[in-house]
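Here the structure comes first, spelled out in structure tokens, and everything after it is commentary.
Since every read-out is calculated from the coordinates, none of them should be taken as a lab result. Owing to the predicted nature of the structure, the values given are computational and were not obtained by experimental measurement. When we count neighbours, we look across all protein chains shown, and the Cβ atoms used for this are built from the backbone with ideal geometry, even at glycine.
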């Protein structure tokens with residue numbers, strides 16, 4: 001009987017911890033992701049090198065600001081397709097890598 005109660009208690013804790021991203025943080029991160037998505041589009045598709053460079057310079061501080069939002073680790077940033085997100089097996093951290101520099105460099109050399 002005690003083991004059944006222990007299992008139920010552990011399941012309850014897992015369910016409670018599974019809801020890690022509060023609605024307020026989710027809303028804030030969605031707004032920030034939309035901003036970042038627009039910047040990443042301009043980094044790749046900007047009409048001039050000045051536009052692409054300017055948006056690139058704005059992107060990193062905006063991403064840092066988004067990552068300082070509470071619970072941002074649990075937000076997937078799945079709309080940012082120009083940025084790879086790498087997690088280790090235990091999900092203790094993640095690495096963001098930008099793939100736009102290669103694309104920008106290739107477009108500059110092919111012009």
- Task: For an R0 of 30 angstrom, estimate the FRET efficiency from the Cβ-Cβ distance between residue 89 and residue 51 and round to the nearest 0.05.
- Result: 0.15
- Message: Relative contact order for region 38-99: what percent, with Cα pairs under 8 Å and sequence separation of 6 or more?
- Response: 21 percent
- Measuring from label point to label point, each 7 Å out along Cα→Cβ, what is the residue 20 to residue 34 span in nm? 2.6 nm
- Stretch residue 67-residue 44 to full length: gain in nm at 0.36 nm per residue minus the Cα-Cα span? 6.1 nm
